[in-house]
Amino acid sequence: MRMTSGLLAAGMLALAANGMARDEVRAAGVDTDQVTVWNRFADRLMALHEKQIQGRKIRETEEFGGYARMPRFYREVSYYDVDSGRLMSRIQWETEHPDRMHSIEVYVYDSSGRLLRDYMAWYLPKYRNAPRATTINLYHYGHGVRGWRQFDASGNRLYERCNAWAGDQAGEILVELDEDELAEALSEKNSIMTGELYLRCFGDIRASAGPYLNPH
C-alpha cells in the first residue's frame with residue numbers, strides 16, 4: 001500500500017476535482033500569521049530529508065503527476081533505503097522549476113522498523129506564500145492496536161485514529177476523531193478519552209506536538 005499523508009492526498013484531489021478555479025485557490029490561502037512558521041517547517045523537513053539519506057545507499061523511483069489543468073505539474077521522487085527497503089521520504093518537484101519543492105513527506109522509524117512519526121508540507125501550485133497544509137503524525141503500537149495522532153505545524157491537534165493491528169480485526173478502525181470531535185471530547189469530563197480502548201490506543205502518544213514542531 002502506498003504510504004502518503006491522507007491530508008496531502010485529499011487536498012490534491014480536491015484541487016484536481018475543481019480544476020483549480022482561480023477564486024478558490026485564492027480563498028485557500030494560509031493565514032498570514034502562519035507564513036513564517038509554516039515556511040520554516042517546510043525548510044526543516046527538507047533538512048531532515050537530507051540528514052536521513054546522508055550516508056545511506058538510496059534507491060530513487062519517480063513518476064509524474066499534476067492536476068486537471070496541469071497534468072504534468074510535478075515530478076514525484078520517492079527515496080528508499082536500499083538495506084532496509086524502507087521509504088525514507090517523498091518529494092514532488094515542479095517540472096517547470098526543477099529545484100522548487102511542491103510537497104514533501106518524511107518518515108521516521110523505530111528500532112523495529114515500525115513507523116514512529118511522519119511529516120508533510122504541501123504548497124498550492126500558485127500563490128506560494130506558505131504551505132497550504134502541514135502535518136505531524138505520531139504513532140503508538142501495543143496490545144494489537146496502532147494509534148496515531150495528528151498535529152499541524154502550529155501545534156493544533158487535528159485528528160486521531162486507532163486501527164486493529166493484528167488478528168481477525170486487523171485494519172478495522174476502532175477509534176476516529178476529527179478536529180471538531182476532539183475539541184468536544186477534550187472539553188468533557190466523562191469523554192471517550194477516559195475509556196480503556198482509547199487509553200490502549202493512544203496512551204503514550206504526546207498530547208501536544210512539542211519538540212516535533214522542529215523536525216530537524
Residue that is at pLDDT below 95 and either within 20 Å of Asn137 (Cα to Cα) or of a type outside the set (A, V, I, L, M, F, W, C) (or both), where the choices are Glu24, Glu50, Glu60: Glu24
Top-ranked residue of segment 126-153 - restricted to ones that are more than 11 Å from the chain's Cα centre (by Cα), within 24 Å of Arg44 (Cβ to Cβ) and among the basic types (Lys, Arg), ranked as modelled with the lowest pLDDT: Lys126
Inter-residue pairs, beta-carbon under 6 Å, first outside the structural domain of Ala42 (by TED's automatic domain parsing) and in segment 80-92, second of a type in the set (S, T, N, Q), 6+ apart: none
Verdict on Ala133 being among the small types (Gly, Ala, Ser), touching a Gly at 6+ places or on another chain (Cβ under 8 Å) and touching a residue at least 40 places away in the same chain (Cβ under 8 Å): yes
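Pick from Gly195, Gly167, Gly171: which is without any contact (Cβ under 8 Å) to a residue 24 or more places away in the chain, at positive phi and over 20 Å from the mean Cα position of the chain (by Cα)? Give the steps one after another, and end with the answer.
Values: Gly195 fails: at positive phi; Gly171 fails: over 20 Å from the mean Cα position of the chain (by Cα).
After ruling out the rest, the residue left standing is Gly167.
Taking the conditions exactly as written (at negative phi, modelled with pLDDT under 95, surrounded by fewer than 12 Cβ atoms within 10 Å (Cβ to Cβ) and not polar (S, T, N, Q)), does Ala17 satisfy them or not? Walk me through how you get there before you give the answer.
Numbers: at negative phi: yes; modelled with pLDDT under 95: yes; surrounded by fewer than 12 Cβ atoms within 10 Å (Cβ to Cβ): yes; not polar (S, T, N, Q): yes.
Judged against the criteria, Ala17 is a match.
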Residues that are touching a helix residue (DSSP H, G or I) at 6+ places or on another chain (Cβ under 6 Å) and assigned to a helix (DSSP H, G or I), drawn from segment 172-184: none
So Glu160, is it surrounded by 20 or more Cβ atoms within 10 Å (Cβ to Cβ) and either closer than 16 Å to Asp204 by Cβ or charged (D, E, K, R) (or both): yes
Selection count where residues are surrounded by fewer than 12 Cβ atoms within 10 Å (Cβ to Cβ) and part of a helix (DSSP H, G or I), scope segment 185-198: 3
Where Leu177 falls short, out of the listed (1) out of contact with any Gly (no Cβ under 9 Å at 6 or more places or on another chain); (2) at pLDDT below 95: (2)
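The values are calculated or read from the model by the stated rules, or taken from the named source; none is laboratory data. What you are looking at is a predicted structure, and each value in this text was computed from that prediction instead of being measured. No Cβ is skipped: glycine too gets one built from the backbone with ideal geometry, and neighbour counts run over all protein chains shown.
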